[in-house]
Amino acid sequence: MAYIDQFFQFLVEHGASDLHLGENQPPKMRLHGTIIPIRETPLSHKELAGMMEEICGPKKWARFMESGDLDFAYEMNEDSRFRCNYLKQTSGLGCVFRLIPTKILSLDQLGVPPVVKEFGHMKGGLVLVTGPTGSGKSTTLAALIDYINTNFNRHIITVEEPIEFVHSNKRSIITQREVPDHCASFAQGLKASLREDSDIVLVGEMRDLETIQLALTAAETGLLVFGTLHTNNARKTVDRMVDVFPSDQQAQVRTMLSNSLRGVVAQLLLKKTQESGGGRMAVNEILVVNSAAAAIIREGATQKMQDVIIGGKGQGMQFMDDAIWTAMQQGKVSPMEAYMKAIDKNRFRVFLGKDANVL
């Protein structure tokens, strides 16, 4: 048993999501969105460095010492797996660990709108799952991949940094590749997948121009590509995809995106009220790209996207503020939480009552 496992055990027992360790600071965990200390005694350089080196091994430790950053996954036991991020900072070493559930929940168990399953039935195109860090994008994507794996005969390649959820073959073949151990970058992994007889490629993060360009090309050539972006809603997602490119290429990219984008699933995590059981719940904005949405993307008139989403309820579309509104009306989240996460704040301000004076 590794020395750090005692902290991981504590995390698991308390139902926390993240462990934060930093030199000369007490260890802390994130519980239902709030960071709280685990013990009062700060971590010394010796204690922290020993823990960090023990679980990553000498080769990765040397790489971290040279670059100042490291991402990998660590399995404490068959029930507990962690995404690990090492960093150097002003006060010395630091690291953050995210608990990855080893059991992949189904889309139904996650409460994701049923229309999301339809993205798994598609033969080609681009589907983006978006949201801020820690909003459960990986969990939703893992559920979608598991749905395909259970129902279809496909070859699915994932390119991740690091591999979070481990999938076993059901009806599909699943090939999971980790950056930088199995391929040098997301772009390289995506490029290689075009030669590996794949039907579906999951790109862990679409963070640079080359990866986004390759994802669009792959989607146009008939692959079904799933990717993630750190955007809060469908409109911002389309804008981000286009804005990454130089201005002289943007018209062409808008045309490519209008042809290949099949949908956007934006996700936020909201703190639940104590009355509804506490913890956190996901709310989603869903864009299913129809001819009206494709025309808007082509024209670059994304300010009209909201109207398409609100008008597309019959196709399973859902506007983020409407999803937040429903959660508030059902008493699952407080008016303040709804107000803080909403796009149109004025719609929720009237429900704040005496809390409105705080803002």
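Computed from the C-beta positions of residue 39 and residue 12, the FRET efficiency with R₀ = 25 Å rounds to 0.90. Answer rounded, prolate or oblate for the chain, using the Cα gyration tensor with square roots of eigenvalues a ≥ b ≥ c: rounded when a/c is under 1.5, else prolate when a/b is larger than b/c, else oblate. Judged from the Cα gyration tensor, the chain comes out oblate (a/c at least 1.5, b/c at or above a/b). Along the chain, counting only trypsin sites (Lys or Arg not before Pro) with a DSSP assignment other than H, G, I, E or B and at most 12 other Cβ atoms inside a 10 Å radius, the longest segment between sites is 196-359. Simple rule: put +1 on each Lys or Arg Cβ and -1 on each Asp or Glu Cβ in segment 197-299, find the dipole, and look at 246, 294, 224; the Cα lying farthest toward the positive end is 294. The HN-Hα couplings worked out from phi for segment 338-350 by the Karplus form 6.51 cos²θ - 1.76 cosθ + 1.60 (θ = phi - 60°) are 4, 4, 5, 9, 6, 7, 8, 4, 4, 4, 9, 4, 5 Hz, whole numbers, x standing for Gly and Pro. Across segment 184-210, the residues whose backbone nitrogen lies under 14 Å from the label position 7 Å along the beta-carbon direction of residue 152 are 198-202.
Helical runs (DSSP H, four residues minimum) scored at -39500 (n - 2.57) apiece and divided by the length of the chain put the mean residue ellipticity at 222 nm at -11000 deg cm²/dmol.
When DSSP beta bridges are restricted to pairs lying wholly in segment 1-51, around 90% turn out antiparallel. Taking all protein chains together and rolling a 1.4 Å probe, residue 340 ends up with roughly 100 Å² accessible. The alpha carbon gyration tensor of segment 179-221 gives principal lengths a ≥ b ≥ c with a/c of 1.5 or higher and a/b no greater than b/c, which makes the shape oblate. Between segment 193-254 and segment 15-60, how far is it from one alpha carbon centroid to the other, in angstrom? Going from one Cα centre to the other spans 35 Å.
For residue 166 and residue 121, the difference between the fully extended length at 0.36 nm per residue and the C-alpha to C-alpha distance is 14.0 nm. Charging the Cβ of each Asp and Glu at -1 and of each Lys and Arg at +1, and nothing else, the dipole of the chain about its Cα centre rounds to 820 debye. Separation of the alpha carbons by more than 31 angstrom is noted, of 28/341; 28/170; 137/332; 123/341; 117/341, for 28/170; 123/341. Beta bridges assigned by DSSP with both partners in segment 56-194 are antiparallel in approximately 75 percent of cases.
When the Cα positions of 173, 351, 334 are compared along the charge dipole of the chain, 351 comes out farthest toward the positive end, with charges on each C-beta of Lys, Arg, Asp and Glu.
At a probe radius of 1.4 angstrom, the accessible area of the chain per residue rounds to 46 square angstrom. The Cα atoms of segment 119-239 give a gyration tensor whose axes a ≥ b ≥ c have a/c under 1.5, which makes the shape rounded. By DSSP, the beta bridges lying fully in the chain are antiparallel in about 60 percent of cases.
Could you tell me the distance between the Cα centroids of segment 268-336 and segment 70-142, to the nearest Å? With segment 268-336 and segment 70-142 each reduced to a Cα centre, they are spaced 21 Å.
The values are calculated or read from the model by the stated rules, or taken from the named source; none is laboratory data. Just so we're clear, the structure is a prediction, and the values are computed from it rather than from any experiment. In this analysis, Cβ positions are derived from the backbone assuming ideal geometry, glycine residues included, and neighbour counts consider all displayed protein chains. To get the accessible areas, we keep the full protein, side chains included, count just its heavy atoms, and leave off ligands, DNA and RNA. Shrake-Rupley method; radii C 1.70, N 1.55, O 1.52, S 1.80 Å.
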